[in-house]
Every structure is written in C-alpha cells, then in structure tokens.
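A short write-up of the structure that comes next.
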Amino acid sequence: MEIQHWRILLLIGVVFCLTTPNVNATQGRAVFYSKPYTPSKCFGNQNNGNLVAGVSDALWENGRACGKILIVSCIGGINQAPHPCKNGKSVAVKVVDYCEEGCQGIINLSEDAFNVIADTSAGIVKVNIR
C-alpha cells in the first residue's frame, strides 16, 4: 500500500510540472531586421553572429540585457498571415542592441533568428521569451 501512495504522489507531481506555466517567460511581439547586424548599441562593430536581437525598454534593463541569451518561441500570429509560426521551434539569441522608441515589438530579432521560429512573410508574431 505504501508504494502505491508514492506512485500517486509522483504522478501528481509530474502532472503539476507539465501543466504549470513558465513564470519566468515574458510574452510580447517580435519583429525582425535584415543584415547588416552591426553596429549595435552593446558591442559596436563587433560581429556577434546571425542569431542576435535588439530589445525594447521592457527587456533592456538600462543596458544590463547586453550579452544575455534569450530563448524565443513563436506562439501565434498578429496579422492575417497563414501559419506564421514554425511549430515547436525556439531560437537562442544574444542581446546586442536596443530597440528604441517606435520599435514595433518587445524584441527585434535578426532575420536569421526570426526565420528559425516564424515565416518572415508574417513580419510580426507573438512570442514567449525566457
């Protein structure tokens, strides 16, 4: 009988973990920008690769976001583009820039990064950011 209770508690724990939302995730809109990806606010003319992003005030933290690696996942479309998200895809991006006032999203992904998670013809998508 004792083992059966342990299995039930384990099962409840697994279900709880799988159904609890990620409290550290931020949701918002993502847009993209095309090459060249330099210069940037954080690193000037230093090349940081193709999977980079600029972030808006919501994530910028007065520049403390520079160099952070964020995991971005597409969760839905904003406009009428059919099938904007590439289901189940996430991309790790390095924050290299500040997306100044007028930025259309909470995060401005490089075109290469956006293309990993969404169809670039969508132009703008809803994302989870961790």
Handout entry: Karplus 3J(HN,Hα) series, Hz, for region 42-57 with 6.51 cos²θ - 1.76 cosθ + 1.60 (x for Gly, Pro)
Key = 7, 10, x, 8, 5, 7, 10, x, 9, 9, 10, 8, x, 10, 7, 3
Practice task
Provide the per-residue ³J(HN,Hα) series for region 87-93, in order, calculated from phi with Karplus coefficients 6.51, -1.76, 1.60 and θ = phi - 60°, each as a whole number of Hz, with x at glycine and proline positions.
Solution key: 3, x, 8, 10, 9, 9, 10
Problem - Heavy atoms of residue 56 accessible to a 1.4 Å probe, total area in Å² rounded to 10 - result: 20 Å²
Exercise for the section: Return the subset of 41/94; 41/86; 89/126 for which the Cα-Cα distance in this structure is over 22 Å, preserving the input order. Expected result: 41/86
Problem - 3J(HN,Hα) from dihedral phi, region 114-123, Karplus parametrisation 6.51/-1.76/1.60, rounded to Hz, x for glycine, proline - result: 4, 5, 5, 9, 8, 6, 5, 5, 5, x
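The values are calculated or read from the model by the stated rules, or taken from the named source; none is laboratory data. This one's a predicted model, so the numbers in the text were calculated from it and none came from an experiment. Note: areas computed on protein heavy atoms with side chains; ligands, DNA, RNA excluded. Shrake-Rupley method; radii C 1.70, N 1.55, O 1.52, S 1.80 Å.
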